[in-house]
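The values are calculated or read from the model by the stated rules, or taken from the named source; none is laboratory data. Bear in mind the structure is a predicted one, so any value in this text is a computation, not a measurement. Virtual Cβ from ideal backbone geometry, glycine too; neighbours counted across all protein chains shown.
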Amino acid sequence: MSQVSPRLAITITGTGTRFTRVLGVLAVVVMTWVVVSGLFLTPQDVVQGDAVRIMYIHVPSAWIAYIAFIVTAVASAFWILSKRHSMGFDRVAGASGEVGVLFVAITLVTGSLWGRITWGEFWQWDPRLTTTAFLFVTYIGYLAVRQLEGSIEQRARRSAVIALLAVLEIPLVHFSVVFWRSLHQKATVLDPNGDVKMDGLMLFTLFSGVIGFTLVFVWLVVHRQRTMLLGDLADQQGLDTAILARQNEGVSD
Amino acid sequence: MNKISGVRRVVGAVLIKDLRIEVRSRVVTNQVLPFAGLIMIMFAFALDNDDVLQRVAGGLIWLATMFSLVVIVQRSFAIDTSDGALDLLRVAGVDLSAVFLGKAIALTMQLLVLDVVLVAAAFLLYQVQVSAVGFVLLVTCVIFATTGLGFVGTLYGGLTAGAKGRETLLPLLLLPVMAPVLIAATRATEAAFGSGGAVTSEGWAWVGLLAVFAAVFGLGGTLAFGPLIDE
Amino acid sequence: MDNAGFIVASYLITIGGISLFALLTLLRAKKSARLVLDRDKTWL
């Protein structure tokens, strides 16, 4: 993305490139199709009626949320294992974590709206829902750790360890919640994704949703990752300028 | 000096240092124990029903333990970072895994004392009852749960040590991680108390989960603690 | 459409949430981009 700054009259280059622009246009086109088809073109479900329309955005966003956290964990592992501790891995991990939190939030909100229609309640203490909620708070903690003050290396090291510990934590949480629900209340929660007989267009729309959300995810991570580098460099430059100013003060005295 | 005995010496030294600080300052005895007791009394005010209290006693014990744990961990690392003790250990080339184990054992021992008091409070204030078999289950559950909590508390305490804003960050990080312990220890304790018609034998599976948790975070912490505070 | 309110709300929240995040990221990029030399922008 290039624009001309009115004051300085020089071109400022942002985080956009030809690749992200093409990606962005594709993402907008596919997402527009998903919204139009999901809301208007696809038929009602036999069991769920119109409620099934939420599926076309809920399922892909849940899918992307999980993908995002896997990317965070893998990038963190690469950062730790790579000899040069390349900061690119840390930025991808952080950007993917942020986008993941956004998509888990969307998943939880759309899921509870769907639940309100099918179950009559916004929330059920179902293992999958509960684990997703824990995923949400865990990665909010991860993002908070990234905000801690310190050098870029400290941020990378701390957050990489947290991301890998989350890989230990989430299965334990999931298992204990499954175990808890199975021992006590026997009530089985209606699976909103089950009981849906999908025709060709419904399947295609869901599939387009997955593609569209994936494009959006890549676009967001690429831009966020570059923005993070800009922010780090800007901070660094601010520090350099301050040090230089202080040194000049010393000289003039 | 071979490696094993060196590790053992560091673990012992750190453990004794942490316990000695406690014995001299008496912060856990004079402040955290009363705080935990106060939580138990406040729960009684809030719930205001003997049957309900008896039913939820197990959960209240573990919630009070976890809130107190956050306070203990914060203090323990505040002492270590305020006079640069952690940095000195690092400069001295001490094996940080051994430091982790020493601090985790010290924390577990303090939590054990805390839980003895909390269980006693539950007997006195909430009128819970326990059979002989239930008592064995309760003791096993407390041992495994406090071990697991000692490991995660030390691990995340080390992460936030010395960082600004750690007071608010530590609970945010710790509480979700401790959720499996809260679920498992509460169910095992309820089985021991027979709350809500729970059978004692149901509790042992939960103790197994607590053991898995302690093993996973014991291993994870031993590996991760060094990189975390090595800056 | 039955339950149109819930269904439309879930679409609005999804699209709105993503757009807001994208917008904030771009604004932030624009702000920091002024302070950074083009030769440091590794993607160019």
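Being within 28 Å of A:L148 (Cβ to Cβ), of a type in the set (F, W, Y) and touching a residue at least 12 places away in the same chain (Cβ under 8 Å) holds for only one residue in A:F78, A:F69, and it is A:F69. The set of residues in region B:44-81 that are farther than 24 Å from B:I16 by Cβ and among the charged types (D, E, K, R) comprises B:D48, B:D50, B:D51, B:R55. Going through (1) surrounded by fewer than 24 Cβ atoms within 10 Å (Cβ to Cβ); (2) of a type outside the set (F, W, Y); (3) closer than 17 Å to B:Q129 by Cβ one by one, B:V207 falls short only on (3).
When you look at B:L173, is it within 8 Å of chain A (Cβ to nearest Cβ), surrounded by 20 or more Cβ atoms within 10 Å (Cβ to Cβ) and within 16 Å of B:Y156 (Cβ to Cβ), yes or no? Spelling it out, B:L173 is indeed within 8 Å of chain A (Cβ to nearest Cβ), surrounded by 20 or more Cβ atoms within 10 Å (Cβ to Cβ) and within 16 Å of B:Y156 (Cβ to Cβ). Of all residues in region B:193-207, at least one satisfies being more than 24 Å from A:F134 (Cβ to Cβ) and modelled with pLDDT of 90 or more. For A:L230, the requirement of being more than 17 Å from A:V35 (Cα to Cα) and in contact with a Gly (Cβ under 9 Å, 6 or more places away or on another chain) is met. If you take the residues of region A:36-58 that are surrounded by fewer than 19 Cβ atoms within 10 Å (Cβ to Cβ) and β-branched (V, I, T), which of them is nearest to C:I13 (Cα to Cα)? Ranking the candidates gives A:V36 first. In a residue-by-residue description of region C:5-27, the property of being exposed (fewer than 13 other Cβ atoms within 10 Å of the Cβ) and at the interface with chain A (Cβ under 7 Å from one of its Cβ atoms) applies to no position. Checked against the criterion of being more than 8 Å from every other protein chain (Cβ to nearest Cβ), among the polar types (S, T, N, Q) and touching a Cys at 6+ places or on another chain (Cβ under 9 Å), region B:189-209 contains one or more residues that satisfy it. Here region A:151-176 is the region considered, the condition is being more than 7 Å from chain B (Cβ to nearest Cβ) and in contact with an Asp or Glu (Cβ under 9 Å, 6 or more places away or on another chain), and the residue that is surrounded by the fewest Cβ atoms within 10 Å (Cβ to Cβ) is A:S151.
Quick one: B:G162 ticks every box in (1) surrounded by 24 or more Cβ atoms within 10 Å (Cβ to Cβ); (2) closer than 30 Å to A:A156 by Cα; (3) within 12 Å of another protein chain (Cβ to nearest Cβ) except a single one, so which number is it? Single failed check for B:G162: (1).
Would you check if A:T72 is touching a helix residue (DSSP H, G or I) at 6+ places or on another chain (Cβ under 7 Å), facing another protein chain (nearest Cβ under 8 Å), assigned to a helix (DSSP H, G or I) and surrounded by 22 or more Cβ atoms within 10 Å (Cβ to Cβ)?
Judged against the criteria, A:T72 is not a match.
Within region B:127-140, can one find any residue that is in contact (Cβ under 8 Å) with a residue 24 or more places away in the chain and more than 19 Å from B:V199 (Cα to Cα)? No, the conditions are met nowhere in region B:127-140.
Restricting attention to region B:1-60, which residues are aliphatic (A, V, I, L, M), without any contact (Cβ under 8 Å) to a residue 24 or more places away in the chain and part of a helix (DSSP H, G or I)? Listed by number, the residues that qualify are B:I4, B:I16, B:V23, B:L38, B:M42, B:A46, B:L47, B:V52.
Among A:D199, A:D240, A:D195, which is under 30 Å from A:E153 (Cα atoms) and either modelled with pLDDT under 90 or more than 8 Å from chain C (Cβ to nearest Cβ) (or both)? Lay out the reasoning, then the answer.
Working: A:D199 fails: under 30 Å from A:E153 (Cα atoms); A:D195 fails: under 30 Å from A:E153 (Cα atoms).
The conditions single out A:D240.
Cβ-Cβ below 7 Å, separation at least six or inter-chain, first residue in region C:15-44 and closer than 17 Å to A:G100 by Cβ, second surrounded by 17 or more Cβ atoms within 10 Å (Cβ to Cβ) and of a type in the set (K, R): which pairs? Once the first residue is closer than 17 Å to A:G100 by Cβ and sits in region C:15-44, its partners that are surrounded by 17 or more Cβ atoms within 10 Å (Cβ to Cβ) and of a type in the set (K, R) give C:T25/A:R224.
Check whether at least one residue in region B:176-187 is at the interface with another protein chain (Cβ under 8 Å from one of its Cβ atoms), among the β-branched types (V, I, T) and without any contact (Cβ under 8 Å) to a residue 60 or more places away in the chain, and report yes or no.
First pass over region B:176-187, keeping only residues at the interface with another protein chain (Cβ under 8 Å from one of its Cβ atoms): B:176-177, B:179-180, B:183-184, B:187.
If we keep only those that are among the β-branched types (V, I, T) as well, we get B:177, B:183.
If we keep only those that are without any contact (Cβ under 8 Å) to a residue 60 or more places away in the chain as well, we get B:177, B:183.
Scanning region B:176-187 turns up at least one residue that is at the interface with another protein chain (Cβ under 8 Å from one of its Cβ atoms), among the β-branched types (V, I, T) and without any contact (Cβ under 8 Å) to a residue 60 or more places away in the chain.
Selection of region B:17-46 for residues being surrounded by 13 or more Cβ atoms within 10 Å (Cβ to Cβ) and among the β-branched types (V, I, T) yields B:I21, B:V27, B:V28, B:T29, B:V32, B:I39.
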